[in-house]
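Here the structure comes first, spelled out in structure tokens, and everything after it is commentary.
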Amino acid sequence: MTNFFALLLLLLTHITPVRSVTWVKGAGGASCDYTCSQRDGCSEDAWPKTETEFYAVSKLAGQVCESTQTGSAKYDPSTDGRYCGWQGPEEMEEGETRCSQATDSGTYRFCGKMGASLEDEAVSDLQAPKPEPTPQLAPASKYGSAVDVFWSNQRQHVLEQEGDEVLGALNARQIGGKARGAEYWENYTFDANSTLRSGYYHNPSLREVHSIQRRMGYDHLATSTRYGNTCCASCGSVNTAELVKGTGFYAVASAESMQADGIGDGHYCTSSPHTSRGTTGMGCLSCARGKFLKAHPFSYPLWAQPGDEIFSKELKIVVADTCPHTGNEGWCPRHQGQGNKFGVKHHFDFADPPAKYDNYYFVWSKMECPNYIKRRYARLSRC
């Protein structure tokens with residue numbers, strides 16, 4: 001920890017002291033104007049310009065980011081409590097301010113309150129003693145042994161004690177990470193015997209996962225990743241956050257194999273190919289309903305508890321983007337009938353999944369998109 005703080009202080013000494021602000025994390029759903037209303041207001045000039053500077057900002061605001069995406073939403077920099085997006089939009093509409101942008105209830109903005117300088121806040125923060133976290137074990141009878149509960153409840157403690165190794169594994173699966181490509185998986189083996197049992201489907205075989213899918217009443221199985229909201233997704237440059245805001249839907253990118261007539265980044269208007277060789281078409285403006293399973297294709301324990309809402313709530317998704325095979329070879333097949341590195345033929349990349357998400361299997365059935373989603377899509381997309 002001493003080396004970490006020394007490095008952070010060294011970084012901060014190279015930041016020009018022009019931002020006279022105190023960085024805070026706002027409440028869920030609050031704009032920075034609201035967050036800063038009890039002081040001298042929100043600074044429109046202090047937004048971090050680089051990921052390194054955002055790293056310092058998040059530290060000062062008391063947030064540990066498990067991974068950091070570019071972001072680019074009007075309300076960035078922000079966090080869902082685990083993942084962070086640092087870079088705001090390339091441009092704003094005339095008369096708009098970034099400070100005035102509110103979020104959904106599960107998103108928290110980083111705001112620059114007018115006040116002390118960044119360096120003064122940093123030095124004060126670094127000098128303050130930090131108590132070591134004490135793991136608290138829940139009763140063993142509810143979820144399994146005390147060791148099981150430790151792993152499922154104390155992932156943050158593990159991050160603090162073994163941050164580099166654990167964070168490296170998590171970041172490898174984010175967009176642009178090593179685990180998106182093919183080489184990462186060439187010599188990868190799953191160690192089912194290393195897992196702890198506490199009410200999850202631990203490292204089930206693909207056959208078992210398909211059996212669970214059918215028992216739950218859904219037609220298909222998919223792997224899943226997350227990538228962060230974008231202002232200009234490939235389906236007609238649609239804004240993923242605006243597309244689903246207030247609707248209860250989640251915006252996703254579907255694998256290239258599930259789309260037709262266009263891949264990758266750009267203003268594509270893909271359609272859904274007919275089901276072929278086990279791959280169901282999910283092009284732009286395709287919708288589905290489904291649930292996350294209490295399982296993922298890895299050997300480490302899950303973030304969430306077995307009874308958490310992320311496993312019980314049915315989610316509705318709408319395709320707003322493409323997950324191209326190139327750069328995502330581990331997850332997103334290129335052609336219909338092909339499976340990814342886990343043998344699964346469908347994949348969804350969630351722009352902003354629910355809290356406690358962790359690469360869970362997703363069981364789903366295709367559905368007709370409701371008219372309010374179609375109208376929103378028609379207004380926001382160039383398709």
field: Residue that is nearest to the chain's Cα centre (by Cα) [pool: residues in the range 328-383 that are β-branched (V, I, T) and within 29 Å of A182 (Cβ to Cβ)]
entry: V363
- line: Picking from V24, V57, the residue that is modelled with pLDDT of 80 or more, open to solvent by less than 30 Å² (accessible area, probe 1.4 Å) and over 23 Å from E242 (Cβ atoms) would be V57
task: Would you mind telling me which numbered condition in (1) open to solvent by 10 Å² or more (accessible area, probe 1.4 Å); (2) of a type outside the set (A, V, I, L, M, F, W, C); (3) not in a loop (DSSP other than H, G, I, E, B) G290 fails?
output: (1)
- request: Looking only at the range 217-236, decide whether some residue is among the β-branched types (V, I, T), under 16 Å from G283 (Cβ atoms), under 22 Å from the mean Cα position of the chain (by Cα) and assigned to a strand (DSSP E or B).
  value: no
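Can you tell which of V244, V252 is open to solvent by less than 10 Å² (accessible area, probe 1.4 Å) and either touching a strand residue (DSSP E or B) at 6+ places or on another chain (Cβ under 7 Å) or closer than 12 Å to D349 by Cβ (or both)? Show your work before the answer.
Numbers: V244 fails: open to solvent by less than 10 Å² (accessible area, probe 1.4 Å).
Testing whether each residue is open to solvent by less than 10 Å² (accessible area, probe 1.4 Å) and either touching a strand residue (DSSP E or B) at 6+ places or on another chain (Cβ under 7 Å) or closer than 12 Å to D349 by Cβ (or both) leaves just V252.
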- line: Just one listed residue, out of W303, W364, is within 15 Å of A222 (Cβ to Cβ) and crowded, with 19+ Cβ neighbours inside 10 Å, and it is W364
message: Criterion first (in contact (Cβ under 8 Å) with a residue 24 or more places away in the chain, in a helix (DSSP H, G or I) and either open to solvent by 10 Å² or more (accessible area, probe 1.4 Å) or farther than 15 Å from S257 by Cα (or both)) does I317 satisfy it?
response: no
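The values are calculated or read from the model by the stated rules, or taken from the named source; none is laboratory data. No experiment lies behind these values; they were computed from the predicted model shown. Positions of Cβ are backbone-derived with ideal geometry, glycine not excepted, and every protein chain shown enters the neighbour counts. Side chains included, ligands, DNA and RNA excluded: accessible areas come from the protein's heavy atoms. Shrake-Rupley method; radii C 1.70, N 1.55, O 1.52, S 1.80 Å.
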